[in-house]
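The values are calculated or read from the model by the stated rules, or taken from the named source; none is laboratory data. All of these numbers come straight from a predicted model, not from anything done at the bench. Neighbour counts are summed over all protein chains in view; Cβ atoms, including those assigned to glycine, are modelled from backbone coordinates with ideal geometry. Each accessible area value is taken on the protein alone, full model and side chains, heavy atoms only, with ligands, DNA and RNA left out. Shrake-Rupley method; radii C 1.70, N 1.55, O 1.52, S 1.80 Å.
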Number of protein chains: 2
Amino acid sequence: MRIGELARRTGVPTRMLRYYEEQDLLHPDRLANGYRDYPESAVHRVQQIRGLLDSGLTTEIIRNVVPFLNRPDEIHLHPDCLTAETAALLRGEADRIQARIDCMGRNLSAIRAYLAAVQPGAGDGPPA
Amino acid sequence: MRIGELARRTGVPTRMLRYYEEQDLLHPDRLANGYRDYPESAVHRVQQIRGLLDSGLTTEIIRNVVPFLNRPDEIHLHPDCLTAETAALLRGEADRIQARIDCMGRNLSAIRAYLAAVQPGAGDGPPA
DNA sequence: TTGAACCTTCACATCAATGTGAAGGCAAGC
DNA sequence: GCTTGCCTTCACATTGATGTGAAGGTTCAA
């Protein structure tokens, strides 16, 4: 598909899709006329990128982890290609993501606890 | 304590501590000479702010939720002070934080699954 | 063949978070 | 008193992710 359709289907502006390509997060083919040509899987890929970006990761980090996020049915990288350094880097990123999740989880609990204490029964479905 | 000690104890530069104050995330008292005077609890508060910032939240969002993150033993806000709008806003923020947690959790799982598939036993403790 | 709706690249603007440093006031010790 | 180290405010620079728009090529359909 071309860039406009991908933008429509993901809600990500074309400007950003080109930026992600510049940052080596996407690698669309080119049609004869120079237009970018994205595979169907790009929709999922873009959603992953957006989620990671929204979660505070930089494009540099995402560039490192995104090759490993493909669906299992896509064979894309042999374990042989995974150097020890890359694996360590990946584990490091995973740990940092875990720390963020933990941090947000703690704070979220505090917020929810506060809301529950102040307005019991609100937000978790009506009591009848 | 003064700003220098807080910076040392949290690892956050004084520049940022002043910025967080400007953003209404911190409200230190002032000594007679104009120096900022932080309570002991500011250490924890700053760590919360850093964690949320690292998790991709903006200072605006943090400003909205941070008053409700105090320890339960600190009575700081009567339920009366919580307008319906504030509660709704808070629930909205909570939902967005939840969405981030979910998103990061999915990506984290994918990364960990990949690592586990490629290097079973690494990172989860030695097999003996 | 003209116009609309795509696409291209390029460039400059913006915004939030942060770095850096100048110019100067205050406090403690020598 | 002077130096040293802390603090103050102010301002300008930078970085990463974006917005915006110009100038122009390509379909396609009326």
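The rotation axis that maps chain B onto chain A passes nearest to the beta carbon of this chain B residue, listed with its distance in whole angstrom: B:GLY56, 1.
Using a simple spin-label model with pseudo-atoms 7 Å out from Cα toward Cβ, B:HIS44 and B:LEU89 lie 2.4 nm apart.
Put simply, the amide H of A:LEU26, placed in the peptide plane, has neighbours under 5 Å in A:GLU21, leaving out anything fewer than 5 places away on its chain.
The residues packed around A:THR10, meaning those with a beta-carbon under 10 Å from its beta-carbon, carry a net charge of +3 if Lys and Arg are +1 and Asp and Glu are -1.
Local charge for B:GLN47 was computed over the other residues whose Cβ lies under 12 Å away, with Lys and Arg +1 and Asp and Glu -1, and equals +3. The B and A chains share an interface that buries close to 3400 Å² of accessible area, total over both sides, probe 1.4 Å. The shape of the stretch A:78-120 can be summarised by an equivalent ellipsoid whose semi-axes, obtained from the alpha carbon gyration tensor, come to 39, 8, 4 Å from longest to shortest. For the residues of B:43-53, the average number of beta carbons from a partner chain within 10 Å of their own beta carbon is 2.
Across the identical copies, the label point of B:ALA84 (7 Å from Cα in the Cβ direction) is separated from its matches by 6.4 nm, in order from shortest. FRET efficiency for the B:SER109 to A:ALA113 pair, using the beta carbon distance and R₀ = 35 Å, is estimated at 0.85.
Couplings 3J(HN,Hα) for the stretch A:44-53, derived from phi with the Karplus relation 6.51 cos²θ - 1.76 cosθ + 1.60 (θ = phi - 60°), are 5, 4, 5, 5, 4, 4, 4, x, 5, 4 Hz, where x marks Gly and Pro.
For A:ARG50, the accessible area of its heavy atoms, probed at 1.4 Å with every protein chain present, is near 70 square angstrom.
Each residue, A:ARG8 and B:THR58, gets one label point 7 Å from its Cα in the Cβ direction; the gap between the two is 2.9 nm. Taking 7 Å steps out from each Cα toward its Cβ at B:ARG96 and B:ASP24 produces label points 1.5 nm apart. For B:ASP37, which sequence-distant residues (separation of 5 or more, or a different chain) have an amide H within less than 5 Å of its own amide H, given hydrogens modelled in the peptide plane? The list, which skips near neighbours in sequence, is B:ASP29, B:ARG30, B:LEU31. For the stretch A:1-73, the Cβ-based charge dipole about the Cα centre amounts to some 220 debye (Lys, Arg positive; Asp, Glu negative; other atoms uncharged).
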